[in-house]
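**Q** Please see the structure below; I have some questions.
The values are calculated or read from the model by the stated rules, or taken from the named source; none is laboratory data. Worth saying up front: this structure is predicted, and the values here are computed from it rather than measured. Virtual Cβ from ideal backbone geometry, glycine too; neighbours counted across all protein chains shown.
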Ligand code: ATP
Ligand code: MG
């Protein structure tokens with residue numbers, strides 16, 4: 001907050017208006033520490049850039065410049081309204097305006113449409129404070145118009161309900177029910193970003209109940225999967241865990257959620273975690289084959305009480321490269337050239353060592369191997 005106030009001071013000294021806005025004001029009034037602070041100002045992006053030594057053009061076409069001060073980043077956005085919305089998503093253009101009020105009017109919910117001065121005075125043209133007190137999510141202005149402008153706001157309402165443990169105001173909720181189908185117009189990246197947030201919220205079950213009630217589930221990719229039982233869900237802090245939970249609960253494969261375009265790392269984590277969660281029992285070979293993270297996800301989902309890191313630590317070896325004998329040595333000891341046999345025998349050795357049936361010692365491995373190899377050859 002100190003840094004944001006400093007940034008506001010610099011802007012004011014240069015003759016511009018500047019306020020803290022949006023989520024930071026909401027969180028401040030709720031007694032929470034805002035994770036990042038947005039500033040809105042009458043200064044244009046170029047003017048903001050000229051006033052600070054270090055800036056990054058994070059969203060300059062939307063009027064946003066990231067200002068770096070005292071090792072912190074403060075996003076400074078020029079007061080703006082949004083042009084026409086011809087397609088239920090994102091405006092055709094943004095237009096810079098001179099007044100804070102115009103800027104607050106374009107924001108989604110009353111609790112997100114407040115501003116705060118450097119003296120912590122609140123500017124609240126839409127009754128956001130009352131709605132905070134009553135724990136209500138209410139669209140700014142006419143909800144029908146606001147959801148027609150940008151249909152993502154419907155999903156954001158659902159997201160904030162589970163983030164804050166708030167109720168969606170009746171009129172806003174009715175409007176979402178009427179407009180749910182418009183969610184089909186929204187780019188999947190924006191959908192996923194909001195769903196990811198729902199999955200790390202404290203009250204995921206609340207958001208998920210709204211998702212079904214509003215029928216947004218009928219129009220989201222793989223929407224029906226969100227109808228699983230979330231009452232016992234506890235976020236791990238990572239959204240990907242939520243996706244694993246939902247597939248495990250509904251007994252569906254990764255392919256069902258492919259439309260959300262996961263990174264290759266997440267895709268692998270999801271697939272592997274589901275795989276290990278489906279195993280009837282876990283032994284040393286399981287701990288050896290799967291990563292700590294994969295085991296952690298699967299343990300959480302299946303309710304297994306187990307510390308995967310510890311289970312892995314107790315294994316005689318962690319990876320193939322820990323094996324006291326190499327492929328080259330097996331070729332030497334057998335007198336055979338490389339071939340499919342090599343992989344087979346290496347894995348045989350790996351298993352014996354992992355299960356503790358053979359000590360990870362070169363001489364012992366050699367004795368066992370020479371003996372067994374010639375018996376099979
Ligand atoms: P969080 O603390 O979860 O980041 P936030 O309120 O900061 O919550 P953001 O998505 O970061 O949410 O958006 C910042 C602010 O921008 C919001 O508080 C709101 O005023 C405005 N905003 C963001 N997205 C929209 C939208 N689709 N329509 C209207 N206003 C929006
Ligand atoms: Mg934010």
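**Q** Examine the stretch 63-81 for a residue that is more than 16 Å from ligand 2 (Cβ to nearest atom), at pLDDT 95 or above and closer than 29 Å to residue 144 by Cα, and state whether such a residue exists.
**A** Within the stretch 63-81 (the criterion being more than 16 Å from ligand 2 (Cβ to nearest atom), at pLDDT 95 or above and closer than 29 Å to residue 144 by Cα), the answer is yes, since at least one residue qualifies.
**Q** Any chance you could count how many residues in the stretch 280-306 are under 22 Å from residue 270 (Cβ atoms), in contact with a helix residue (DSSP H, G or I) (Cβ under 9 Å, 6 or more places away or on another chain) and in a loop (DSSP other than H, G, I, E, B)?
**A** 5
**Q** Mind listing just one residue for me: the one in the stretch 46-57 that is surrounded by 13 or more Cβ atoms within 10 Å (Cβ to Cβ) and under 29 Å from the mean Cα position of the chain (by Cα) and, of those, nearest to ligand 2 (Cβ to nearest atom)?
**A** Applying the filter and picking the extreme gives 56.
**Q** For the stretch 345-368, check the following and say yes or no: at least one residue is under 17 Å from residue 248 (Cβ atoms) and in a loop (DSSP other than H, G, I, E, B).
**A** Checking the stretch 345-368: not a single residue is under 17 Å from residue 248 (Cβ atoms) and in a loop (DSSP other than H, G, I, E, B).
**Q** Can you pull out every residue in the stretch 14-58 that is away from ligand 1 (no atom under 16 Å from the Cβ), without any contact (Cβ under 8 Å) to a residue 24 or more places away in the chain and not in a loop (DSSP other than H, G, I, E, B)?
**A** Result: 46, 49, 50, 55, 56, 57.
**Q** Here is a follow-up. Inside the stretch 59-73, can you point out the residues that are part of a helix (DSSP H, G or I) and within 11 Å of ligand 1 (Cβ to nearest atom)?
**A** Passing the criteria: only 62.
**Q** Can I ask one more? Consider the stretch 108-161. How many of its residues are in the same structural domain as residue 195 (by TED's automatic domain parsing), within 20 Å of residue 87 (Cα to Cα) and under 22 Å from the mean Cα position of the chain (by Cα)?
**A** So the answer is 8.
**Q** Here's a follow-up. State whether the residues of the stretch 206-214 include one that is over 12 Å from the mean Cα position of the chain (by Cα) and within 19 Å of residue 298 (Cα to Cα).
**A** no
**Q** While we're here: Here are the criteria: (1) away from ligand 2 (no atom under 16 Å from the Cβ); (2) assigned to a helix (DSSP H, G or I); (3) within 25 Å of residue 129 (Cβ to Cβ). Tell me which single one residue 6 does not satisfy.
**A** Only one criterion in (1) away from ligand 2 (no atom under 16 Å from the Cβ); (2) assigned to a helix (DSSP H, G or I); (3) within 25 Å of residue 129 (Cβ to Cβ) is unmet by residue 6, namely (3).
**Q** Right, another one. Output the number of residues of the stretch 213-256 satisfying the condition of being closer than 18 Å to residue 181 by Cβ, in a helix (DSSP H, G or I) and free of Cβ contacts under 8 Å to residues at least 60 places away in the same chain.
**A** So the answer is 7.
**Q** Return yes or no: is residue 209 under 28 Å from residue 182 (Cα atoms), out of contact with any helix residue (DSSP H, G or I) (no Cβ under 7 Å at 6 or more places or on another chain) and away from ligand 2 (no atom under 16 Å from the Cβ)?
**A** yes
**Q** Which of the residues spanning the stretch 12-45 are surrounded by fewer than 24 Cβ atoms within 10 Å (Cβ to Cβ) and away from ligand 2 (no atom under 16 Å from the Cβ)?
**A** 12, 13, 14, 15, 16, 17, 31, 42, 44, 45
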